[in-house]
Each structure stands twice: as structure tokens, then as C-alpha cells.
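Structure first, then comments.
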Amino acid sequence: MANRTDPLAKSVHGTNPQNLVEKIVRSKIYQNTYWKEQCFGLTAETLVDKAMELDHLGGTFGGARKPTPFLCLLLKMLQIQPDKEIVVEFIKNEDYKYVRVLGAFYLRLTGSVSDVYQYLEPLYNDYRKLRRKLNDGSFSLTHVDEFIDEILTTDYSCDIALPRVQKRWNLEASGILEPRRSALEDDFEEEEEDKEEDDEDDDARPMDTDDRHKEYYRGRSPARERDRDRDRDRDRERDRDRDRDRDRDRDRDRERDRKHDSYKYRDRDYDREYDRGRDRDRERDRDRDRERDRDRDRGIDKDRDRDREREGRERDRKDRDRGRDRSRSRDRRDRDRDRDDGDHRRKRVRGSPSPQREEEGKKKEKKEKKEKKADGTDHPDPEIAEANRLRASLGLKPLRV
């Protein structure tokens, strides 16, 4: 709220009055202790008292670019926008020179072209000394007329960009301003009137031979000659100022064109460097993708080799298990055959049995054969026979193949 422009303030040069001060300088002022303590709540009446306390002028100074009280009060005037009559009274104040300079700088920022020349040119006759704080914090000596000439002829003062004003001779040619009158012209006119009166007195009395001789060699009136010389010098000085302004404008235009060309070349170099960087990034991304694909292919090959090794190991294990089962079933078949042969021998050794026992033995063998066939343990495939034995021990039905 304390840094907001007065709602009743009018726009200056099509913008907010505070925007005439650059944003960086404006933020420095807002953070300054003098602005927070001394400029808070000031009005157009109370601001005069603060302006009377000024003892120097300047923009920003030091490594932190601190603003001077002169710059803080100037921003406060832009914020509250005092009336034009108050600003004119600031400029006409002859007792306090810093009040006059403050009003002149404010009028240079916000006033029209005609008002700027009308109210600031009379200050060329003020030769009082001023203390100015430089960028390094030291002070230098200047004068009021020098400061007025600086803000009228330059585009930058006290770290503030000044609005552009037309040249005086252009305004004189268009009829907006009258030709400037020097403060010494009145003294010259009084001197000329006195000399004209003396000449009239000399003409009234009879002229002797010596006077005629002097008048003959004099030829012209000295006052008239002085007027002609003064007019000639004024015209010459005006032409010189016009040529100087024209040269300055031409140099400024050349400098502006040179800066524009340098910016153009800089932008072109920047675009070229940007394209190079983008190409480098694209090539780097392409290499990264290529390396990623190579790693992916390498990983796929590794997985394929690993799967092949796993399948080979699994196949070998199955072959070993199948061979082990075949040898086990072959050993079991041999043992059964040996056992049957041993039983047959024992029966033969015991002697010939009775017919009834032979029939019972045959029935028993047939029954065992049937049971064996029903269990499926005599299957020719040893794996199926082993599985049927296991199922028979668990009380399950044999496999049917």
C-alpha cells in the first residue's frame, strides 16, 4: 500500500508515473531505510520540509547501489503527483537550491516540452554550487546551471532515463517557442539608449572641424556596430548549436545502428550456437539409443545362452534319471528271475509233489500272474512299472497305457 501510486494520479507519457524510474532502481528505493522512515505518509505540503533538509543530490551509489534521499523524494513526488502550481513554486524558490533542483528534475520527467523550456531555461542564470554524490560514494562539486544543462541536453541523469524532448530550434521554427533572450540583452539595450542620447546631443550642437574629422573616420555608430556584431555572433552561435545538435543526433543514430547490428550479429551467432548445441544433443541422444539397443541385444543373447545351458542341464539330468531308473528296473527284474529259479529248484529237490499240491501250486502261480498283470508292475516300460508299484503301495489303481 505504501508503494502504490495515488489513485487520483494521471498517467504521464502513457504510463504510471512511478514507471518513469526503472524497476531495479525503484525496488532499491522501496527497500531503503530513508524511504520507509522519512517518506512514509508524506503529502505535497509535508514534502517541502523534507526537501529543505537535502544537502546533496545524486542517483545511486556504492556496491549495493543505495539510492540518495534526493532520488527517494523524487519517487515520492511521482507517487503523489503534486499540482503543477506546487512544482512551479519549487522551481521559483530561491532560498533553497536543492528544492529548486528537485522541482526542476520532476518537471523534466513529467512536464510538456514547452513547460520544460519555459521554466527550466531561466535557471541558467543560477550559478550556485551543488554537492553531487557519485557512483563510488564520493562527492563532486557542480552548479545549478550545469545540472539544468545536463537534464536538458542528455538522455540519462541520476540513474534515470529522461523522456526525449525536441530541440529548441525545431520548436522555434514551428512557432511553439519564441527565440531565447539572454539576460544581458537588457543591459545592452540600456547602454545603446544612453549612447543614442549622447549622439543626439552631439548632433544638436554645431560640429567643428575636429568633430567632423572624427565623424568622418568613425563612419558608423559604435552602438549600431555592436548590435550588428552581437546579432552576427548570435546567429553564428545558433548555427553552431544547430550543427552540434545535428552531429550529436547523427552520432547517436550511428551508435544505435551499430548496436543494432551488433545485436543482430549476436543473435545470429546465438542461433548458430543454439543449432550446434541442438545437433550435439541430437547426436548424443542417437548414440545413447544405439548403445542402449546394443546393450539390449547383448542382454538378449546372454538370456538365450543361459536358457540353452539350462535346457542342456535339464536334458542331461533327465537322461541320467532315465538311465538310473532303467538300471534299477533291470536289477529288480534279474533279482525276481533269480528268486523264481531258486524256488523252482527247491521244489524239485524236495521231491515230486502230490497231484493235489501241483494243482494248488499251478493255481497259485496263475493267481500271482493275474495279480501281477492287474497291478501293472510287469509293464515293459520300467518307469510305468515303477509308477504302478508306487500306486499299488498307496492303494491306487495302476496306470492304463
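For a 26 Å ceiling on Cα separation, which of these pairs sit above it: K167/K259; K10/K259; K364/K397; K28/K133; K10/K66?
Pairs exceeding the cut-off: K10/K259; K10/K66.
Got a number for the accessible area of R131? Probe 1.4 Å, square angstrom, nearest 10.
Rounded to the nearest 10, that gives 100 Å².
In debye, nearest 20: dipole of segment 34-113 around its Cα centre with unit charges on the Cβ of K, R (+) and D, E (-)?
Value, rounded to 20: 440 debye.
Give me the distance between the Cα centres of segment 121-135 and segment 266-337, rounded to whole Å.
Value for the Cα centre distance between the two parts: 87 Å.
Rounded to the nearest 0.05, what FRET efficiency do D233 and F139 give with R0 = 45 Å and r taken as the Cβ-Cβ distance? Could you check?
0.75
Suppose accessible area is computed on protein heavy atoms with a 1.4 Å probe; arrange L109, L399 from highest to lowest.
Descending order: L399, L109.
The values are calculated or read from the model by the stated rules, or taken from the named source; none is laboratory data. Quick caveat: nothing in here was measured; it's all calculated off a predicted structure. Using ideal geometry, Cβ is built from the backbone for each residue, glycine included, and neighbour counts are taken over all protein chains shown. Side chains are part of the model used for accessible areas, which takes the heavy atoms of the whole protein and leaves out ligands, DNA and RNA. Shrake-Rupley method; radii C 1.70, N 1.55, O 1.52, S 1.80 Å.
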